[in-house]
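K.L.:
Below is one structure. I have some questions about it.
The values are calculated or read from the model by the stated rules, or taken from the named source; none is laboratory data. Computed from a predicted structure; not experimentally measured. Cβ: placed from backbone, ideal geometry, glycine included. Neighbour counts: every protein chain shown. We work out accessible area using only protein heavy atoms, side chains counted, and drop any ligands, DNA or RNA first. Shrake-Rupley method; radii C 1.70, N 1.55, O 1.52, S 1.80 Å.
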Amino acid sequence: KHLLKSNLMPTLIKLKKQTLESEIIDISFETNDLEAHGVLDSNNIPHGFPIFDDKGEKFAGERIKFNLKSQKGLISLGETQMDEGFYFGDRIKRISAKEYYIENGYYTTCDAPEPHYYFGAKKMKFIQNEKVFVEPITFYVEQLPLAVIPIGIFFPMKSGRQSGIIVPSFYFSTSRGVVFKDMGYYLAISDYWDTQLKADIYSKGGY
């Protein structure tokens, strides 16, 4: 479920252009280590998960560990939003200001609490505002794997006009099964010319 849309949290700290909200926040000023996590209420329901805002880029997780000096950190059961999509993972490790590793992660543009479809991968690496590497990648619909790409690929993340894979949408049809709509590739040759190739693919055969 989307942690970025979780309940309100009472504790807020600000560090220059960074903010952290969480039910519990522990800081060691000797080592510059910070750790934040939520708590269980009287009904054993977790709440107050930490949300870390780094210059407008938000991360949420069950537990966040971060070093204020090195700017490196680790997020357990983490989530972050990039443009119009969401990235999730068992662990998100920040190794530099722009580079992140995601373990057992997935990406989706579906904003439902339980995403109806997503791309999953054991290993993900994304470079902020540049590209995302995934290896291998599996496409899931309603938790069922429908397609597998066994090799590593990358998706561009730069804003503006650029070449890249067109992420398809999908819907269900009684006659054609699961329909993958507008799957394709966009090619920007120059500032004055571009082209795109798109296709609809049907799980019951045909395209």
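K.L.:
What are the residue pairs meeting all of these: first residue in region 81-105, first residue closer than 25 Å to residue 168 by Cα and at pLDDT below 80, second residue open to solvent by less than 70 Å² (accessible area, probe 1.4 Å) and among the β-branched types (Val, Ile, Thr), Cβ atoms under 6 Å, and 6 or more apart or on different chains?
P.N.:
Matching pairs, first to second residue: 84/109; 85/109.
K.L.:
Further, regarding this structure: Six or more apart or on different chains, Cβ under 9 Å: which pairs go from a residue in region 183-201 that's β-branched (Val, Ile, Thr) to one that's open to solvent by less than 90 Å² (accessible area, probe 1.4 Å) and not in a strand (DSSP E or B)? Could you list them?
P.N.:
From residues that are β-branched (Val, Ile, Thr), the pairs are 189/163; 201/168.
K.L.:
Also, I was wondering about something else. What are the residues in region 1-52 that are open to solvent by less than 50 Å² (accessible area, probe 1.4 Å), outside any loop (DSSP other than H, G, I, E, B), modelled with pLDDT under 85 and under 17 Å from residue 80 (Cβ atoms), if any?
P.N.:
Passing the criteria: 3, 4, 18.
K.L.:
Okay, next question. Please enumerate the residues belonging to region 120-135 that are open to solvent by 50 Å² or more (accessible area, probe 1.4 Å) and either under 17 Å from residue 167 (Cα atoms) or in contact with a Lys or Arg (Cβ under 7 Å, 6 or more places away or on another chain) (or both).
P.N.:
Within region 120-135, 129, 130, 131, 133, 135 meet the criteria.
K.L.:
Can you pull out every residue in region 91-119 that is open to solvent by 10 Å² or more (accessible area, probe 1.4 Å) and in a strand (DSSP E or B)?
P.N.:
91, 93, 94, 99, 101, 103, 104, 106, 107, 117, 118, 119
K.L.:
Go through region 174-183 and count every residue that is out of contact with any Pro (no Cβ under 7 Å at 6 or more places or on another chain) and either surrounded by 14 or more Cβ atoms within 10 Å (Cβ to Cβ) or within 17 Å of residue 144 (Cα to Cα) (or both).
P.N.:
So the answer is 4.
K.L.:
Would you check if there is a residue in region 71-94 being among the charged types (D, E, K, R), within 17 Å of residue 105 (Cβ to Cβ) and in contact with a Gly (Cβ under 6 Å, 6 or more places away or on another chain)?
P.N.:
yes
K.L.:
Taking the stated definitions as given, is residue 140 surrounded by 20 or more Cβ atoms within 10 Å (Cβ to Cβ) and at pLDDT 80 or above?
P.N.:
So residue 140 fails the test.
K.L.:
Hey, does region 73-90 have a residue that's more than 17 Å from the chain's Cα centre (by Cα) and either surrounded by fewer than 13 Cβ atoms within 10 Å (Cβ to Cβ) or closer than 19 Å to residue 131 by Cα (or both)?
P.N.:
No; the residues of region 73-90 include none that is more than 17 Å from the chain's Cα centre (by Cα) and either surrounded by fewer than 13 Cβ atoms within 10 Å (Cβ to Cβ) or closer than 19 Å to residue 131 by Cα (or both).
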